[in-house]
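The structure appears right after this line, and notes come after that.
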Amino acid sequence: MIEVTNLTKKFKDNDLLAVDGISFSVKAGEVFAFLGPNGAGKSTTIKMLTTLLEPTGGQMRIGGKDPVEEQDEVRKLFGIVFQDPSLDDELTAWENMEFHGVLYRVPKKLRRERIEELLKFVELWERKDDLVKNFSGGMKRRLEIARGLLHHPRVFFLDEPTLGLDPQTRNHIWSYIKELNKKEGITVFFSTHYMEEADRVADRLAVIDHGKIVAEGTPQELKDRAGVASLEDAFIALTGKEIREESAGSLDRLRNGAKMWRRR
Amino acid sequence: MVGSLGQPLLFLLALGYGFGPVFKKAGGGNYIEFLAPGIVAMAILFTSVFSGIEIIWDRQFGFLKETLVAPVSRLQIMIGRTLGGATVALLQGIIVLVLAIIAGFRPTHLGLAALSLVFMFCTALLFTALGTAIASVLEDMQGFQLIINFLVMPLFFLSGALFPLEGLPKAIGMVARANPLTYGVDGLRGTLAGFSHFSLGLDFIILLAVVSLFMIIGSYLFSKIQA
Ligand SMILES: Nc1ncnc2c1ncn2[C@@H]1O[C@H](COP(=O)(O)OP(=O)(O)O)[C@@H](O)[C@H]1O
Ligand SMILES: [Mg+2]
C-alpha cells in the first residue's frame with residue numbers, strides 16, 4: 001500500500017538531512033508504526049507522503065500513485081490526523097465534518113450518514129452542535145480522527161495522535177483505531193515516540209533516528225534480534241541510547257506562541 | 001473586530017476635527033468630507049492585509065493544512081480565502097463608513113454612494129491578495145511586523161487618504177501615483193464625497209488591473225507553500 005525507497009529531505013536552513021535515504025513498505029490492511037524520538041524525521045516523512053512537502057530525493061508510492069506527480073489521486077486515497085490541531089475552532093463539530101465532506105465531494109446523502117456514523121463511533125454525537133473551541137484536547141483528537149475517515153480513505157496517517165493526552169484518553173484512541181482497522185480494513189500508518197504504543201498496537205514498525213531507519217520488523221522480531229524482553233531495551237540496543245524525552249524546542253515554543261495568539 | 005475599529009475612528013475624529021479648521025482656512029473645504037473616504041480605505045487596507053497574517057499561523061498550526069491535503073486545487077483554495085478575507089474587509093469598511101456618518105460625514109449622492117461598494121470591494125480584494133502573497137513567502141511573525149512598518153504604513157500615508165494630491169512635491173506625487181491604494185481612496189472619494197483627482201473610470205481600471213496581477217502572483221506563491 002505504501003512503498004518508499006531512498007526517501008530524502010534536506011531543509012534549506014539545515015545542513016543535516018531531516019530524512020536520510022529511508023526505505024520501507026507497508027502492506028494493505030496493516031497497522032504500521034513509525035517509532036522515533038523527537039526530531040527523528042517522522043513528521044517530515046509523513047508530510048512528504050501526504051503531498052505537503054516535496055522530497056529532495058527518492059521514490060514514494062501510495063496505492064501505486066506518486067505523491068509528487070499525482071497529488072490529487074493520492075489525496076483522495078488517504079486521511080490524516082496532523083501532529084498539530086487543524087480543526088476550525090470557530091465551527092461546531094458537525095460543521096467541521098460537513099466542511100470536510102464538501103471539500104472531498106462526498107455526495108450529500110452519503111455524507112450525512114457517514115458523519116452521524118463516525119461521530120457516534122468516536123462518541124461525539126451528543127456534542128455535535130458544540131463549538132470545537134470548547135472541546136478538550138482528547139475530544140478534538142477524536143473529532144480529527146472522525147473527520148479524517150469521512151471520505152473513506154484507504155490509508156490513514158496519524159502523526160503522534162496521542163501526544164499530550166492522558167493515558168486513559170490514549171487507550172481510548174487506540175481502541176478506536178484498532179477497531180477501525182478490523183472493521184474497515186483500512187491501512188494505518190502512525191508515528192509515536194511512546195515505545196509501549198508501538199509494541200501494543202502495531203503489526204510492524206520501523207525505528208527511525210536522526211533521519212535514518214535503524215530497524216524494521218514486528219515488535220517480537222525486534223526484541224528477538226536484540227535478545228531482550230522489552231521494546232524499550234531493544235531500542236537502546238539498536239540506537240545505543242534511551243529514547244529522548246521531549247524538550248521544548250523552538251517549534252514547541254512557536255506552537256505555544258500561536259496558541260496565545262489564537263485565543264480570541 | 002471591535003478592536004480594529006478603534007484606530008480608524010481615532011484617525012477620523014482626531015485628524016478630522018484637529019485639522020478641520022486649518023484645512024478650511026487653506027481653502028480645502030470640509031476636512032471630514034475629505035477625510036472620511038480615506039479612513040474607510042484605511043480600515044479596508046488593514047483588515048485585508050491582516051487576513052494574510054492568518055496564513056502564517058495556519059500553515060504551521062491550523063486549519064490551512066486540512067485544506068492543503070484535500071483533493072482541491074491550490075488556485076481554488078487561494079480564491080476562496082481571498083474572497084472570504086475581502087468580504088470581511090468590505091464589511092469593516094461599511095461599518096467605518098456608518099461610523100463616519102454618525103460622526104458628521106454626509107455622502108453627497110446616494111446612487112454614487114452605492115457605487116462606492118464596488119471600490120471598497122476592489123480595494124479589499126487587492127490587499128487581501130497582496131497579504132496572501134506576502135504571507136505565503138514569510139516564515140514567521142517578525143517578518144510580518146516589518147511588512148506593517150515598511151509597507152502598509154507607507155501605503156496608507158502616501159495614498160492621498162489624508163491630504164489632497166493636488167500641488168504635492170513632485171517626488172511624493174509620483175510615489176502616490178504608483179501606489180494602488182491611491183486609486184481606491186480616489187474612487188471612494190469620488191463616489192462618497194463627490195470629488196476625485198482622477199476619473200472614476202481610470203480608478204476602476206487601474207484597481208482591476210492590479211487586483212488581477214496580485215491574484216496571479218498570490219496564487220503562484222500560494223501554490224508553492226510547503227507546510
Ligand atoms: N520546516 C523546517 N525547516 C527546517 N528544519 C526542519 C523543518 N521541519 C523540521 N525540521 C527539522 O527536521 C528534523 C526532523 O523533524 P521532524 O520530522 O519534525 O521530527 P519528528 O516529527 O520525528 O519529531 C528536525 O531536526 C527538525 O528540526
Ligand atoms: Mg513530529
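The values are calculated or read from the model by the stated rules, or taken from the named source; none is laboratory data. Just so it is clear, the model here is predicted, and its values are computed rather than measured. Counting neighbours? That spans all protein chains shown, and the Cβs are built from the backbone with ideal geometry, glycine included. The accessibility values were calculated without ligands, DNA or RNA, using every heavy atom of the protein model including side chains. Shrake-Rupley method; radii C 1.70, N 1.55, O 1.52, S 1.80 Å.
Taking A:Leu77, is it open to solvent by 10 Å² or more (accessible area, probe 1.4 Å), within 16 Å of ligand 2 (Cβ to nearest atom) and touching a residue at least 24 places away in the same chain (Cβ under 8 Å)?
Here the answer is no, as A:Leu77 does not meet what is asked.
Rundown of residues vs (1) modelled with pLDDT under 85; (2) more than 25 Å from A:Gly138 (Cα to Cα); (3) open to solvent by 40 Å² or more (accessible area, probe 1.4 Å), yes/no style:
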site	(1), (2), (3)
A:Ile177	no, no, no
A:Ile186	no, no, no
A:Phe189	no, no, no
A:Ala215	no, yes, no
A:Leu238	yes, yes, yes
A:Ser247	yes, no, yes
A:Leu254	yes, no, yes
A:Lys259	yes, no, yes
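What number of residues within the range A:99-122 satisfy the criterion of being more than 26 Å from B:Ile77 (Cβ to Cβ) and outside any helix (DSSP H, G or I)?
1
When the residues of the range A:47-72 are filtered to those that are without any contact (Cβ under 8 Å) to a residue 40 or more places away in the chain and among the β-branched types (Val, Ile, Thr), which remaining residue is most open to solvent (accessible area, probe 1.4 Å)?
Per the stated criteria, the residue is A:Val68.
Sort through A:Asp166, A:Asp199, A:Asp203 and tell me the only one that's away from ligand 2 (no atom under 16 Å from the Cβ), more than 14 Å from every other protein chain (Cβ to nearest Cβ) and modelled with pLDDT of 90 or more.
After applying the criteria, what remains is A:Asp203.
Mind listing just one residue for me: the one in the range A:11-46 that is open to solvent by 50 Å² or more (accessible area, probe 1.4 Å), within 9 Å of ligand 1 (Cβ to nearest atom) and among the charged types (D, E, K, R) and, of those, modelled with the lowest pLDDT?
Filtering the range A:11-46 for residues that are open to solvent by 50 Å² or more (accessible area, probe 1.4 Å), within 9 Å of ligand 1 (Cβ to nearest atom) and among the charged types (D, E, K, R), the one modelled with the lowest pLDDT comes out as A:Asp13.
Select from the range A:5-27 the residues that are part of a loop (DSSP other than H, G, I, E, B) and under 18 Å from the mean Cα position of the chain (by Cα) and list them in ascending order. Give the steps one after another, and end with the answer.
Filtering the range A:5-27 down to residues part of a loop (DSSP other than H, G, I, E, B) leaves A:11-16, A:27.
Of everything in the range A:5-27, just one residue is part of a loop (DSSP other than H, G, I, E, B) and under 18 Å from the mean Cα position of the chain (by Cα), namely A:Lys27.
Looking at the range B:114-135, which of its residues are among the aliphatic types (A, V, I, L, M), modelled with pLDDT of 90 or more and either open to solvent by less than 40 Å² (accessible area, probe 1.4 Å) or within 18 Å of B:Ile216 (Cα to Cα) (or both)? Even if it seems obvious, please write down each step before you answer.
Step one: list which residues in the range B:114-135 are among the aliphatic types (A, V, I, L, M), which gives B:114-115, B:117-118, B:120, B:124-126, B:129-130, B:133-135.
So of that shortlist, the ones also modelled with pLDDT of 90 or more come out as B:114-115, B:117-118, B:120, B:124-126, B:129-130.
The answer is B:Met120, B:Ala124, B:Leu125, B:Leu126, B:Ala129, B:Leu130.
Can you pull out every residue in the range B:61-97 that is in contact with a Lys or Arg (Cβ under 9 Å, 6 or more places away or on another chain), among the aliphatic types (A, V, I, L, M) and more than 7 Å from chain A (Cβ to nearest Cβ)?
Within the range B:61-97, B:Leu64 is the sole residue that qualifies.
Does the range A:106-116 contain any residue that is within 14 Å of another protein chain (Cβ to nearest Cβ), out of contact with any Gly (no Cβ under 8 Å at 6 or more places or on another chain) and open to solvent by less than 10 Å² (accessible area, probe 1.4 Å)?
Checked the range A:106-116: no residue is within 14 Å of another protein chain (Cβ to nearest Cβ), out of contact with any Gly (no Cβ under 8 Å at 6 or more places or on another chain) and open to solvent by less than 10 Å² (accessible area, probe 1.4 Å).
Hey, among the residues in the range B:34-56 that are among the aliphatic types (A, V, I, L, M) and within 11 Å of the chain's Cα centre (by Cα), which one's surrounded by the fewest Cβ atoms within 10 Å (Cβ to Cβ)?
B:Val49
Tell me, which helices (runs of 4 or more DSSP H) lie completely within the range B:134-196 with 2 or more residues that are within 14 Å of chain A (Cβ to nearest Cβ)?
Output list reads B:141-147.
Do we find that B:Arg189 is at pLDDT 90 or above and surrounded by fewer than 19 Cβ atoms within 10 Å (Cβ to Cβ) in this structure?
No; evaluated as a whole, the condition is false for this residue.
Which of (1) within 12 Å of chain B (Cβ to nearest Cβ); (2) at pLDDT 95 or above is the odd one out, the single condition A:Glu73 does not satisfy?
Failing condition for A:Glu73: (2).
Which one is nearest to ligand 1 (Cβ to nearest atom) among residues in the range A:147-203 that are touching a strand residue (DSSP E or B) at 6+ places or on another chain (Cβ under 9 Å) and at positive phi?
Among those residues, the one meeting the criterion is A:Glu160.
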